[in-house]
Amino acid sequence: MSTALTDCHLPERSVLELEGLDRVPFLNGLVSNEISDRPVYAAFLSPQGRILHGVFILPQEECILLDVESKDAQNILTLLSRYRLRSKVEFSLTSSAVIASPEEKPGGYRDPRLPALGWRSVSASTSLPEGTESYARHCHALGLPASLPSGLLPHEANLDLLNGISFSKGCYIGQELTARIQHRNLVKKRLFAVSGPAAEAAGPIYAGEKEAGTLSGDFALLRMELARQPLTVSSLPLNVFWPDWMPQ
């Protein structure tokens, strides 16, 4: 699977800004990855350890920028407000644009999930063409969705394989279950890119007579022990892409 990424604007992404003396410890207590001086990918989790929102965290000299899905921006602001308490931190929605590029650009950073995903940057404005569909195809060709599905466990969404979780940082919301799954090797299902006639069908996925997982568009949440077997949905074949970053 392969596609070509071109410079494009991702209009479905928005940028939040966090300011204040407590911005780093405050955010560290809410996301799955460790905030450093470099961009990282992470997720906001529920207290039960399930994904609420994916986020690119971009530390700046006097603030932190959050590259998030536009549909999630207001919910994330509400979440930040709920946990702020007495922390010295302020947050707001900016008008900045998110840019995806195949090569390094001034002010850009390599996507922390996979090098093959290219580069990202935040710009005050842009005249680049919108690239929502082409970027989604590029991500699918590498075996991961352009946007992080909510409701899954971090391991199910492969965050442990895509540099989205720190297993050495301090406590954060949703950490207990995430750590237990990691240390007890309890990963039963993972998200896979799929294709073929069945990718447009509806219903459960089967490996023979065994139910193997669930389908959501061109991705499937599959039981690992059945993911390499011939799969069908409504008797139609389903092709599973097994990327090189996935455990073999």
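Given (1) free of Cβ contacts under 8 Å to residues at least 12 places away in the same chain; (2) surrounded by 18 or more Cβ atoms within 10 Å (Cβ to Cβ); (3) not small (Gly, Ala, Ser), where does Asn185 come up short, assuming only one miss?
The failed condition is (2).
Among the listed residues Ser36, Ser14, which satisfies the condition of being modelled with pLDDT of 95 or more, polar (S, T, N, Q) and in contact with a strand residue (DSSP E or B) (Cβ under 8 Å, 6 or more places away or on another chain)?
Going through Ser36, Ser14 in turn, the sole match is Ser14.
May I ask you to list the residues in the stretch 224-233 that are out of contact with any helix residue (DSSP H, G or I) (no Cβ under 7 Å at 6 or more places or on another chain), outside any loop (DSSP other than H, G, I, E, B) and either surrounded by 17 or more Cβ atoms within 10 Å (Cβ to Cβ) or aliphatic (A, V, I, L, M) (or both)?
Hits for the stretch 224-233 are Met224, Leu226, Leu231.
Of all residues in the stretch 22-63, which are farther than 19 Å from Arg113 by Cα, over 16 Å from the mean Cα position of the chain (by Cα) and part of a loop (DSSP other than H, G, I, E, B)?
Across the stretch 22-63, the qualifying residues are Asp22, Gly29, Pro47, Gln48, Gln60, Glu61, Glu62, Cys63.
Restricting the stretch 64-97 to residues that are β-branched (Val, Ile, Thr) and assigned to a strand (DSSP E or B), which is surrounded by the fewest Cβ atoms within 10 Å (Cβ to Cβ)?
Ile64
Considering only residues that are buried (at least 18 other Cβ atoms within 10 Å of the Cβ) and among the aliphatic types (A, V, I, L, M), which ones fall in the stretch 157-180?
Across the stretch 157-180, the qualifying residues are Ala157, Leu159, Leu161, Leu162, Ile165, Ile173, Leu177.
For every residue, the table says whether it meets (1) farther than 23 Å from Phe192 by Cβ; (2) modelled with pLDDT under 95; (3) not assigned by TED's automatic domain parsing to the domain that holds Ser195.
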site: Leu45; (1), (2), (3): no, no, yes
site: Ile51; (1), (2), (3): no, no, yes
site: Asp67; (1), (2), (3): yes, no, yes
site: Glu103; (1), (2), (3): yes, yes, yes
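So, in the stretch 138-155, exactly how many residues are within 21 Å of Lys105 (Cβ to Cβ) and either in contact with a Leu (Cβ under 8 Å, 6 or more places away or on another chain) or surrounded by fewer than 17 Cβ atoms within 10 Å (Cβ to Cβ) (or both)?
Total meeting the criteria: 3.
Out of the residues in the stretch 195-212 meeting the condition of being of a type in the set (A, V, I, L, M, F, W, C) and assigned to a loop (DSSP other than H, G, I, E, B), tell me which one is modelled with the lowest pLDDT.
In the first step, residues of the stretch 195-212 are kept if they are of a type in the set (A, V, I, L, M, F, W, C); the result is 198-199, 201-202, 205, 207, 212.
If we keep only those that are assigned to a loop (DSSP other than H, G, I, E, B) as well, we get 201-202.
Details: Ala201: 82, Ala202: 77.
The residue in question is Ala202.
Of everything in the stretch 42-57, what is touching a residue at least 40 places away in the same chain (Cβ under 8 Å) and surrounded by 20 or more Cβ atoms within 10 Å (Cβ to Cβ)? Give them in sequence order.
Within the stretch 42-57, Ala42, Ala43, Phe44, Leu45, Ile51, His53, Gly54, Phe56 meet the criteria.
The conditions are (1) in contact with a Cys (Cβ under 7 Å, 6 or more places away or on another chain); (2) without any contact (Cβ under 8 Å) to a residue 60 or more places away in the chain, and Leu18 fails exactly one of them. Which is it?
Every condition holds for Leu18 apart from (2).
Have a look at Leu236, Leu215 and point out the one that is out of contact with any Phe, Trp or Tyr (no Cβ under 8 Å at 6 or more places or on another chain), modelled with pLDDT under 95 and crowded, with 20+ Cβ neighbours inside 10 Å.
Leu215
The values are calculated or read from the model by the stated rules, or taken from the named source; none is laboratory data. Fair warning: this is a prediction, and the values are worked out from it, not measured in the lab. Virtual Cβ from ideal backbone geometry, glycine too; neighbours counted across all protein chains shown.
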